[in-house]
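Heads up: the structure comes next, in structure tokens.
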Amino acid sequence: MSPPTDRPRLPWDPPDHFEPRVPEGDNRERLVCARCEFIHYQNPKIVAGAVCTWGDKILLAKRAIEPRKGFWTVPAGYMELGETTEQAAEREAMEEAYATIEIDRLLAMYSVARIGQVQIMYRARLISPDVAPGIESEAVSLVDWADIPWEQLAFPTVVWALAHFHESRGKTEFATYSNPTGDLARMWPPRKPAGV
């Protein structure tokens, strides 16, 4: 089965001899090898990250890679096999900003169905303010809330995580945030959310 014509073939696309059909005992169409019956499951990727602070300042990293190269984000990325979501968030902070962090608690879990991702965001504290760009970052910065470059944020989920972090600031107990509704859900292109 060839990849959709609106994009190039990707490394995880199955070979052409896979065909869409409902395997025995299943209830949805999957890609199945016509030769050996192997099922090519396609599942969402998990992204883990954190809104990291030093006092009142928030750590942002300017992306040195696509997608959205040159735009700002919080440290986050795909989980690796064999690590927990907390370990993934800690590793991403180190890789992107040479930041050692201490996770406070789960902030949010976002479902981004259109790109097949689940994003898990934590609230975390920096162990030290000594941060520097990692290989995937052009720059890093510790910024005050008032100085967040909202129009230059890389992804909608970064806007959501920062807004949810701000809402949870100073609280030790709060319900884990999820995909927003209303104006925050439509915050693209990025801009400062109303009321924050």
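Would you mind finding the one in Ser168, Ser141, Ser137 that is surrounded by 14 or more Cβ atoms within 10 Å (Cβ to Cβ), within 17 Å of Ile65 (Cβ to Cβ) and not basic (Lys, Arg)?
Unique residue meeting the criteria: Ser137.
Contact list please: Cβ distance under 6 Å, first residue in the stretch 78-90 and assigned by TED's automatic domain parsing to the domain that holds Met121, second residue hydroxyl-bearing (Ser, Thr, Tyr), pairs at least six apart or on different chains.
Once the first residue is assigned by TED's automatic domain parsing to the domain that holds Met121 and sits in the stretch 78-90, its partners that are hydroxyl-bearing (Ser, Thr, Tyr) give Ala89/Tyr122.
Pull up the stretch 171-184, narrow it to residues that are over 19 Å from Trp72 (Cα atoms) and outside any loop (DSSP other than H, G, I, E, B), then point me to the one that is modelled with the highest pLDDT.
Tyr177
The values are calculated or read from the model by the stated rules, or taken from the named source; none is laboratory data. Everything numeric here is computed off the predicted structure, so don't read it as measured data. A quick note on method: Cβ atoms are made from the backbone with ideal geometry, for glycine too, and the neighbour counts reach across all protein chains shown.
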